[in-house]
Amino acid sequence: PDLTVEENLLVAGPRPAIEASFELFPVLANRRTARAALLPGGEQQMLVIARALVSQPKVLLLDEMSLGLAPTIIKRLVPVVRRLADEGVGVVLVEQFAALALSVGDRAYVIVRGEIAYEGDCEVLGRDPDLLRRLYLGAGSIDVAGSSAGPAFQDTRRPHDHG
């Protein structure tokens, strides 16, 4: 937190990658001499992502990217995440706000009680809010390996789980 924005990035990677991060997040370029601790929450999140990106990762794990951020900041981050994925970075987005994750993702995995309850295309799950609601409430799992007519709902709870 005591380092400036630029110093935070220099610790993580070479100058050309830092300049690429500033292009991705122009607001950080304007704040390069500001101490990280003094940045607003959204800019701190951008700095965290930029710092991860300067090492040119093959996979980027974003855990609850939207947590505590204003909707305007989230709207600025979503296209960046999509762009990274389109450029070949594997992005794993763990997000409790399903609509956000489904809007930016290609594949969706819904985990219920530590097990995968759904695996499939984000677009398919996004078009079926009832299915998503059932999954989030832990009502069962979806078998996507089945028919081409679409996923089938399958209740996988043990008998003592009912009620």
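Just to be sure before I move on: is Val27 in contact (Cβ under 8 Å) with a residue 12 or more places away in the chain and not hydroxyl-bearing (Ser, Thr, Tyr) in the structure I sent? Spelling it out, Val27 is indeed in contact (Cβ under 8 Å) with a residue 12 or more places away in the chain and not hydroxyl-bearing (Ser, Thr, Tyr). Right, Val78: on the phi < 0 side of the Ramachandran plot, buried (at least 18 other Cβ atoms within 10 Å of the Cβ) and of a type outside the set (S, T, N, Q) or not? When the stated conditions are applied, Val78 does not pass them.
Looking at Leu38, Leu10, Leu62, Leu3, just one residue is surrounded by 19 or more Cβ atoms within 10 Å (Cβ to Cβ) and over 27 Å from Asp130 (Cβ atoms), and that residue is Leu62. Taking strands (runs of 3 or more DSSP E) as the structural unit, those lying wholly within region 53-123 and holding at least 1 residues that are under 28 Å from Arg15 (Cβ atoms) correspond to 59-63, 90-94. Within the option set Val54, Val89, Val78, being touching a residue at least 12 places away in the same chain (Cβ under 8 Å) and in contact with a strand residue (DSSP E or B) (Cβ under 8 Å, 6 or more places away or on another chain) holds for one residue only, Val89.
Here the condition is being in contact with a Gly (Cβ under 8 Å, 6 or more places away or on another chain), open to solvent by 70 Å² or more (accessible area, probe 1.4 Å), within 29 Å of Arg133 (Cβ to Cβ) and modelled with pLDDT under 90; of Arg107, Arg113, it holds for Arg113 alone.
The values are calculated or read from the model by the stated rules, or taken from the named source; none is laboratory data. Worth saying up front: this structure is predicted, and the values here are computed from it rather than measured. No Cβ is skipped: glycine too gets one built from the backbone with ideal geometry, and neighbour counts run over all protein chains shown. For accessibility, only protein heavy atoms count, side chains too; no ligands or nucleic acids. Shrake-Rupley method; radii C 1.70, N 1.55, O 1.52, S 1.80 Å.
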